1. Carbon and sulfur together cover what percent of the accessible area of the chain at a 1.4 Å probe radius?
2. Can you give me the accessible area per residue for the chain, using a 1.4 Å probe, in Å²?
3. Which of (i) 68, 45, 16; (ii) 34, 24, 19; (iii) 55, 27, 20 is the computed Cα extents along the principal axes in Å for the structure on display?
4. Show me the ranking of peptides 46-54, 14-22 by mean Cβ neighbours inside 10 Å, starting with the highest.
5. Short version: ³J(HN,Hα) in whole Hz for each residue of the range 49-58, in order, from phi by Karplus 6.51 cos²θ - 1.76 cosθ + 1.60 (θ = phi - 60°), x for Gly and Pro, what are they?
6. Using per-residue counts of other Cβ atoms within 10 Å, averaged over each peptide, order 91-98, 70-77 from highest down.
7. Over 27 Å between C-alpha atoms is what I'm after, so list which of Lys19/Lys60; Lys27/Lys60; Lys46/Lys81; Lys2/Lys67 land there.
Amino acid sequence: MKITLLCALGMSTSLLVEKMKKAASAKSIEAEIEAHSVDDLEEQLKTADVILLGPQIRYKKNELFAKADAANTPMAIIDMKAYGILDGEKVLDQALKLMN
């Protein structure tokens, strides 16, 4: 499973990605988790199983969700509280729920 996190520059989510990888490992879940800039959306829609958006780019929600819908890729905005405290387990769970 490939989970992609998108944010303004792909930087602010990198700490969260590491926490998500640890949570996935602890749950024996095989997942490729990466952070990218929102500018990489088109490329990420080709390979991602699920895409999560950083709360700081939620203002682009309508445009991004329309593209994800067209590509048949589940997308959601990361829970702001989980994002703020870098709760990798909670964000991983959010991604897994989107997959099902």
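The values are calculated or read from the model by the stated rules, or taken from the named source; none is laboratory data. Computed from a prediction, not measured in an experiment: that's the story for all the values here. Cβ sites come from the backbone with ideal geometry, for glycine too, and all protein chains shown count toward neighbours. Protein only, heavy atoms only, side chains kept; ligands, DNA and RNA dropped before computing areas. Shrake-Rupley method; radii C 1.70, N 1.55, O 1.52, S 1.80 Å.
1. So the carbon and sulfur contribution to the accessible surface is 51 percent.
2. It amounts to 56 Å² per residue over the chain.
3. (ii)
4. 46-54, 14-22
5. With coefficients 6.51, -1.76 and 1.60, one gets 7, 8, 10, 10, 9, x, x, 6, 10, 4 Hz.
6. The densest-packed peptide leads the list: 91-98, 70-77.
7. Lys27/Lys60; Lys46/Lys81
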